[in-house]
Amino acid sequence: MDEKLTDDFFKAFEKDEKINLLKSSLGTIKMKDSINLFEPNEQFKAYLEYKKKFDEANLKLNEIKERAEKNEIKAIQQLSISGQLLKK
């Protein structure tokens, strides 16, 4: 599992007690060389992977929208094709 995904998720929480409580409900915390290692459970792992895919797709869509606003023909075509596919 990608450590960056879990680190990004827990960044919003400030206090260690809250983080550890949340982590223990979403997976297991293992001690290795006096460092807490978090291993997410399967459901949370699936959520993180879905979130990563969603964020990548959203970023790509925003880039296409920015290019379309600059009147790039290819971006406008991509947007109109994607829009038609989304409506169906």
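Measuring with a 1.4 Å probe in the full set of protein chains, what accessible area per residue, in whole Å², belongs to the chain? Let's see the in-between values first.
Working: 7470 Å² over 88 residues.
Here the residues of the chain average 85 Å² of exposed surface.
Once fully extended, how much extra length lies between Lys74 and Phe54, figured as 0.36 nm per residue of separation less the alpha-carbon to alpha-carbon distance?
Fully extending the segment from Lys74 to Phe54 adds 4.9 nm.
What percentage of the solvent-accessible surface of the chain, computed with a 1.4 Å probe over protein heavy atoms, is contributed by carbon and sulfur atoms?
Details: 4080 of 7470 Å².
After summing per-atom areas, the C and S share lands at 55 percent.
Obtain the radius of gyration and the Kirkwood radius of segment 1-77 from its C-alpha atoms and give Rg over Rh. Walk me through the intermediate numbers first.
Details: Rg = 18.0 Å, Rh = 14.8 Å.
Rg/Rh for segment 1-77 comes to 1.21.
With helices defined as uninterrupted DSSP H runs, which ones in the chain have an alpha carbon span along their own long axis of at least 20 Å and mean Kyte-Doolittle hydropathy of at least 0.0?
Those that clear 20 Å and a mean of 0.0 are 73-87.
Taking the Cα centre of the chain as origin and charging only Cβ (+1 Lys, Arg; -1 Asp, Glu), how large is the dipole, in debye to the nearest 20?
Numbers: 18 positive and 17 negative charges, 94 e Å.
Here the chain has a charge dipole of around 460 debye.
The values are calculated or read from the model by the stated rules, or taken from the named source; none is laboratory data. Every value quoted in this text rests on a predicted model; they were computed, and no experiment measured them. All Cβ positions, even for glycine, are placed from backbone atoms using ideal geometry, and neighbour counts span all protein chains on display. Quick note on the areas: whole protein, heavy atoms, side chains included, nothing else; ligands and nucleic acids left out. Shrake-Rupley method; radii C 1.70, N 1.55, O 1.52, S 1.80 Å.
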